[in-house]
Amino acid sequence: MTSTLLEPVAENERVMVLDVLRGFALLGILLVNFTGTQGTLMPGLDAFVSKALAALISESFYPLFSFLFGLGFSVQLARAGSRGSGASLLYFRRMLVLFLIGTVHATLIWAGDILVRYAITGLLLIPLHRLPQKAVLALSVVLFATLLNGPAVRSQVESWRGAQRGAAAELTLAARAQEERIAENRHRLIAETGASYAVTSANRWTAYARQVRSYGDWLSWVMNDVLFCFLVGLMVGRARVLQEVARRRRTLLIAASTAFVTACAGLFANAAMDLPSGFLATAAWFAENYGMTAFYILGMALLYTFSGHAHRVLSVFAAPGRMGLTNYLMQSVIMTWMSMSYGLGWEPSTAIWLMLNLGFFFGVQVPLSRWWLKRFRYGPAEWLWRSVTYGRKQPMKLPRSALTLETAPTVTA
């Protein structure tokens, strides 16, 4: 590995639409993580907001975040390949640092952490990125088919495991699982009824340890929707779809329209049809949520590229997107402090939480990100991540001659 590989991505190597999508995903994740409950003052409005969030956001933004992760990896690989160097060791170190950051986040800040899962699952991209595009596509199709038949696959595997272990062992494992569920519910109940920070952190540690142990089960990898999204992002990045939107306008318009129709069909099936649990219900769920994810990606890319007005409006997401890790952690710190018993202990309704989230994102994170990036190269968390990954302190301050965010060339990734 040559020393030229061990450098962060340069400004002129970024792809701006990815930063915009990343910032948009951050807003969605904020709305998903902190939703409140239906209150007594505005029950009708709360019910409407809850349904709107469920239909448009709740299950669409984590796939979007995962997709961008895989796409970003493909950009890193392309950059390393253009310099004649392999990226595996660097990427391994990058995932290790992300795992450590995620561990701190999951145990001390927010139990709904996604970083640990990304770091562990991301390690699979190291061997998988060596596969040709057709092989990655085939693997993605297999994973998607497995996810579509998830309940049946899981039932078959557990049945096979029961036969292998024997009835006695199965009863022991079932009893142990029941004990774990009781303990988890007890911890959650304590955390939700005025627990101290120490007790809440202990509860988070229990959940974190259980999550990490679950990755020792091969079934967790087969039934891994994050890995599927990573692979789709890897393929799209390799094909340079979002890097070359202007050349693919007609194709992307057709794809966006198809995604929108698919999402609407899934939404209708879930809302108006009494589907029994099983394949049809799972297919409708994927159609609604993954269709919406694809529509967001393609629609925003097209609007950002071809509409001057939309370009200006959507550019507001670029700065928080460039500081994605910092803003993700900031959301957790501020919102848990507002809502948990060891902080302010607020319990606003769904509609009020929505207004708080929007106000925090557009009133705090957007202007703060823009102000910060006029003066510094990276967000604080990104700077730490890069410095530890590359094994040396990265330059933080921008030189005086550097362009401001508003006048910088088109960038992202």
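The values are calculated or read from the model by the stated rules, or taken from the named source; none is laboratory data. The shown structure was predicted, so the numbers you read here are calculated from the model rather than taken from an experiment. Positions of Cβ are generated from backbone atoms using ideal geometry, with glycine treated the same way; all protein chains shown enter the neighbour counts.
Annotations for the structure displayed:
- The residues of the range 224-244 that are out of contact with any Leu (no Cβ under 9 Å at 6 or more places or on another chain) and farther than 18 Å from L115 by Cβ, listed by number, are A239, R240, E244.
- Test set (1) under 29 Å from H105 (Cα atoms); (2) touching a His at 6+ places or on another chain (Cβ under 7 Å) - Y304 fails condition number: (1)
- S220 in a helix (DSSP H, G or I), surrounded by fewer than 18 Cβ atoms within 10 Å (Cβ to Cβ) and under 19 Å from the mean Cα position of the chain (by Cα): yes
- Residue match in the range 360-367 (condition: over 30 Å from P43 (Cβ atoms), part of a helix (DSSP H, G or I) and either among the aromatic types (F, W, Y) or without any contact (Cβ under 8 Å) to a residue 12 or more places away in the chain (or both)): yes
- Listed by position, the helices (runs of 4 or more DSSP H) contained in the range 91-153 that have at least 3 residues being under 30 Å from S341 (Cα atoms) are 115-122.
- One residue from G36, G81 being modelled with pLDDT under 85, surrounded by 20 or more Cβ atoms within 10 Å (Cβ to Cβ) and either over 25 Å from S140 (Cα atoms) or not aromatic (F, W, Y) (or both): G36
- Unique residue being out of contact with any Asp or Glu (no Cβ under 9 Å at 6 or more places or on another chain) and in a helix (DSSP H, G or I) when the list is A269, A195, A281: A281
- Per-region count, the range 316-346, residues of a type in the set (F, W, Y), surrounded by fewer than 22 Cβ atoms within 10 Å (Cβ to Cβ) and touching a residue at least 12 places away in the same chain (Cβ under 8 Å): 1
- Enumeration of residues in the range 207-218 that are in contact with a helix residue (DSSP H, G or I) (Cβ under 6 Å, 6 or more places away or on another chain) and modelled with pLDDT of 85 or more: Y208
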